[in-house]
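Written out below as structure tokens is the structure these notes cover.
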Amino acid sequence: MVDDGKLPDWSGDGRRRVLVLSSTPRREGNSRCLAEAAMAGAAEAGHETVFVHLSDHISGFLGDCKQCRTADGECSIDDAHRKIFLDLYLHADAVIYASPIWWYGISGQLKAFLDRMFCYLSDAWPGVEDAIAKVQGKRVAVVLSAEESNLPARLGIASQFGELCRYLDHALVGMVVGIGNTRTEVLKDPLDPAAAARELGAQIFEIEATDYQLKTERTKRIWEAGAPPYPGRWR
Ligand SMILES: Cc1cc2nc3c(=O)[nH]c(=O)nc-3n(C[C@H](O)[C@H](O)[C@H](O)COP(=O)(O)O)c2cc1C
């Protein structure tokens with residue numbers, strides 16, 4: 001992977017597009033190891049992948065839009081959020097979010113990226129209708145790294161992405177958490193989260209994480225003959 005701090009573009013070659021948003025500031029970070037593994041899986045499956053090291057590009061938080069918005073409705077915060085959101089995110093078919101667990105939540109970098117999507121999904125932005133149309137219908141996977149391995153530490157983040165995806169009409173297909181603290185230590189996690197992340201990336205368009213309602217029509221047996229869908233991946 002070329003990592004020169006520059007933002008790539010989609011090639012437009014017709015393959016399905018997987019955007020990887022890696023939010024640790026550490027280039028050899030644990031969550032970044034998992035992000036790269038997930039990206040490799042997606043690439044091996046034949047999808048186009050674009051990798052963004054968010055710390056290189058997101059320089060500020062969401063502001064008071066009344067002060068930040070220019071007269072023509074644009075965000076005046078001078079960084080690459082606009083390009084990442086409008087050119088990469090909106091045109092992606094799937095998004096892989098990667099974050100360290102910081103204080104039992106996602107990194108500030110990733111939160112700032114998500115918060116600032118609001119600028120383009122608000123009525124005050126001239127392109128809002130197009131942005132709302134394009135932002136929906138994506139597939140989403142999440143890879144995280146943490147020092148602690150207890151389950152409750154992850155539930156807040158799982159819930160946050162569950163709600164984010166419900167709101168944006170995204171399909172959340174899985175989440176992988178690797179345990180590690182020092183750089184790349186996650187690769188020593190005996191549960192091999194890098195392999196799980198790779199598989200998650202490879203199957204991001206095939207996984208069906210079911211979310212039934214009483215009225216949902218379904219067969220009683222889940223694993224019917226033929227090719228069953230891959231189930232959601234949570235670990
Ligand atoms: C500011 C900060 C807060 C952290 N908070 C947590 C936490 O709440 N739970 C946890 O398990 N690990 C926590 N950690 C440890 C990191 O999650 C862990 O080192 C992770 O692997 C770092 O990922 P990275 O190498 O991709 O940056 C924290 C680390 C930092 C720097």
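The values are calculated or read from the model by the stated rules, or taken from the named source; none is laboratory data. If you're wondering where the values come from, they're calculated on a predicted model, not measured in any experiment. Positions of Cβ are backbone-derived with ideal geometry, glycine not excepted, and every protein chain shown enters the neighbour counts. Surface areas here come from the heavy atoms of the whole protein model, side chains and all, with no ligands, DNA or RNA. Shrake-Rupley method; radii C 1.70, N 1.55, O 1.52, S 1.80 Å.
Below is a table of values for the structure above.
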item: Cβ crowding within 10 Å averaged over residues, with 87-95, 24-32 ranked highest first; result: 24-32, 87-95
item: Efficiency of FRET between R235 and D3 - r from beta-carbon atoms, R0 30 angstrom, step 0.05; result: 0.65
item: 19 Å cut-off, amide nitrogen to a point 7 angstrom out along A195 Cα→Cβ, residues in region 167-186; result: 175-180, 185-186
item: Long-range HN-HN contacts of W102 with modeled amide H, under 5 Å; result: S107
item: Listed peptides 171-178, 1-8 by packing density, highest first (mean Cβ within 10 Å); result: 171-178, 1-8
item: Gained length - L155 relative to C68, 0.36 nm times residue gap less alpha-carbon distance; result: 27.9 nm
item: Theoretical FRET efficiency, 1/(1+(r/R0)^6), r = Cβ-Cβ of V128 and F205, R0 25 Å, to 0.05; result: 0.35
item: Contour excess over end-to-end distance, with Cα ends at E163 and S59 and 0.36 nm allotted per residue; result: 34.9 nm
item: Region 33-118 - percent of accessible surface contributed by carbon and sulfur, probe 1.4 Å; result: 53
item: Rounded D (µm²/s) - region 64-120, Kirkwood Rh over Cα pairs, Stokes-Einstein at 25 °C, 0.890 mPa s; result: 192
item: Stretchable slack from R27 to E224, in nm (0.36 nm times residue separation minus alpha-carbon distance); result: 66.5 nm
item: Portion, in percent, of the accessible area of region 123-235 that falls on carbon or sulfur, probe 1.4 Å; result: 52
item: Residues whose placed amide H lies under 5 Å from that of A171, excluding near-sequence neighbours; result: K138, R139, V140
item: Accessible surface, region 17-234, averaged per residue in Å² (probe 1.4 Å); result: 51
item: Residue order for C165, C65 - accessible surface, 1.4 angstrom probe, largest first; result: C65, C165
item: Shape category assigned to region 6-117 from the gyration tensor of Cα positions, a/c cut at 1.5; result: oblate
item: Rounded if a/c under 1.5, otherwise prolate or oblate - region 17-234, Cα gyration tensor axes; result: oblate
item: Cα gyration tensor shape of region 125-235, rounded if a/c is under 1.5, else prolate or oblate by comparing a/b with b/c; result: oblate
item: From phi via Karplus (6.51, -1.76, 1.60), per-residue ³J(HN,Hα) for region 54-70 in Hz, x at Gly/Pro; result: 4, 4, 6, 10, 9, 10, x, 7, 4, x, 7, 4, 5, 8, 7, 6, 7
item: Above-threshold pairs, the threshold being 31 Å between Cα atoms, out of K83/K215; K134/K215; K111/K215; K6/K111; K111/K220; result: K83/K215; K111/K215; K111/K220
item: Cβ crowding within 10 Å averaged over residues, with 182-189, 67-74 ranked highest first; result: 182-189, 67-74
